[in-house]
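Read the structure below first, then the notes.
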Amino acid sequence: MIEAYPLRWPDGWPRTKWPQQSRYELSFARARDEIVRQVRLARGHNPVITTNVPLRRDGLPLANMAEPTDSGVALYWDDKDRKPRVIAIDAWRTVRENMRAVAQAIESLRTFERTGAKAVIDRVYDGFARLPEAQDAFQVLGIQRGASRDAIVARFRDLARELHPDRGGSNETMARITAAYHEALNAAP
């Protein structure tokens with residue numbers, strides 16, 4: 001599970017040393033809402049915008065907050081085929097500017113799709129594949145540490161039904177879930 005706060009920069013993604021000022025003329029709230037809109041238009045699911053900005057009750061970054069020292073923004077979502085994706089941008093000086101850049105990146109990907117360049121968009125999306133996060137078994141399974149063996153087995157079965165390669169998941173995801181399942185069972189009371 002990806003937490004929206006604080007910023008969860010994707011493993012393996014380089015950071016910008018000297019962020020620049022952009023020419024984006026958009027409010028924080030509008031930039032944030034545009035990310036959610038673009039994910040929806042791309043038929044994506046479960047967007048999580050991670051920043052160092054505190055969250056609203058719905059889990060989105062709160063407007064009108066002080067600018068954090070790290071202005072990076074990482075968007076995690078599942079694409080239309082339920083494959084986990086990530087886009088992270090820290091090229092600009094403010095969270096607002098980086099959120100706008102993330103929204104524009106998704107809009108650009110949608111443009112490729114609308115023009116019929118399916119092969120190109122598939123290759124681009126493969127580049128946004130989310131790398132496995134370093135998590136313990138219970139985080140991978142999405143259950144609390146100390147869960148019973150029955151709860152672990154039930155959760156694994158649910159995830160396997162949803163994420164098995166025969167149902168659109170990937171072999172890598174299934175291997176990760178299976179490894180977490182065995183590790184959680186070994187740690188179960």
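Read the figures in this text as sums done on the coordinates, not as results from a lab. The structure displayed is predicted, hence computed values, not measured ones. Every residue, glycine as well, gets a Cβ built from its backbone with ideal geometry; the counts of neighbours run over all protein chains shown.
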- Please sort 158-169, 87-98 by packing, taking for each peptide the average over its residues of neighbouring beta carbons within 10 angstrom, highest first. 87-98, 158-169
- Is the shape of the stretch 28-127 best called rounded, prolate or oblate, per the rule: a/c under 1.5 gives rounded, else a/b larger than b/c gives prolate, else oblate, with a ≥ b ≥ c the square roots of the Cα gyration tensor eigenvalues? prolate
- Message: Defining a contact as two alpha carbons under 8 Å apart and six or more residues distant in sequence, what relative contact order in percent does the stretch 1-108 show?
- Response: 35 percent
- Message: Using only the alpha-carbon atoms, how far is helix 118-127 inclined from the longest principal axis of the chain? Give it as 0 to 90 degrees, nearest 10.
- Response: 80 degrees
- Taking neighbour Cβ counts within 10 Å as the exposure measure, how do PHE112, PHE28 sort from fewest upward? PHE112, PHE28
- Normalising by the residue count of the chain, find the relative contact order in percent from Cα pairs under 8 Å and 6+ residues apart. 21 percent
- Task: Indicate, rounded to the nearest 5 percent, the antiparallel portion of the DSSP beta bridges found entirely in the chain.
- Result: 90 percent
- Find out how many positive minus negative residues lie around ALA187, taking Lys and Arg as positive, Asp and Glu as negative, among other residues whose Cβ is under 11 Å from that of ALA187. 0
